[in-house]
Amino acid sequence: MTTEISLPITAAADDPRDVRWEEQASCRSVDPELFFPDNTRQAAEAIEVCKECPVREQCLAWAMERGEKHFGVLGGLTARERRAEARATGPARKAGEALAICRAAHADILRWLEEDVPMEQIAKRLGVAPKTVRNSLAKFELELGQQDMEAAA
């Protein structure tokens, strides 16, 4: 029997038009118990589902930003692996991952801004801080300006 999961990452949207990354997760059609394994073999099965997931990176970034290091398989890593990753990475890496999420969602961010979605809500949808969204937009605009100048030269 296949059950749709409802992890904390699938909290109800404030906006019914909201299409979030969680809704694209491969795990939505898998028994949630698989992601809270009792042994290594079960963990491997969960990790296999994550390997094919189109939003694995967003899931992992979400888990790491929230300190989800004690239970289950999230973003393709076990709790032990996420703890090791947290010890091995500093704030700069976390910020880089959040910026990568914003870069990948740039078109969505622009659309949401046109729809007058507040910056805080956009950040919540992406699982990053509002400051990160603003920084990514500024960085993208700077890069576009440099490309325009190079093209004109």
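The values are calculated or read from the model by the stated rules, or taken from the named source; none is laboratory data. Because the structure is a prediction, the values reported are computed rather than measured. A quick note on method: Cβ atoms are made from the backbone with ideal geometry, for glycine too, and the neighbour counts reach across all protein chains shown. SASA here: full protein model, heavy atoms, side chains in, ligands and nucleic acids out. Shrake-Rupley method; radii C 1.70, N 1.55, O 1.52, S 1.80 Å.
Taken over segment 124-153, residues that are modelled with pLDDT of 85 or more, among the aliphatic types (A, V, I, L, M) and either surrounded by 11 or more Cβ atoms within 10 Å (Cβ to Cβ) or touching a helix residue (DSSP H, G or I) at 6+ places or on another chain (Cβ under 6 Å) (or both) amount to 2. Scan segment 41-53 and tell me whether some residue there is of a type in the set (Gly, Ala, Ser), touching a Ser or Thr at 6+ places or on another chain (Cβ under 7 Å) and on the phi < 0 side of the Ramachandran plot. Scanning segment 41-53, I find at least one residue that is of a type in the set (Gly, Ala, Ser), touching a Ser or Thr at 6+ places or on another chain (Cβ under 7 Å) and on the phi < 0 side of the Ramachandran plot, so the answer is yes.
Among the residues here, Trp62 does not qualify as at pLDDT below 80 and surrounded by 15 or more Cβ atoms within 10 Å (Cβ to Cβ).
Remark: pairs (first residue in segment 34-60, more than 28 Å from Ala123 (Cβ to Cβ); second residue of a type in the set (S, T, N, Q); Cβ separation under 6 Å; 6+ apart in sequence or on different chains) = Ala43/Thr78. Residue count for segment 18-59 under the criterion of being under 12 Å from the mean Cα position of the chain (by Cα) and open to solvent by less than 50 Å² (accessible area, probe 1.4 Å): the result is 8.
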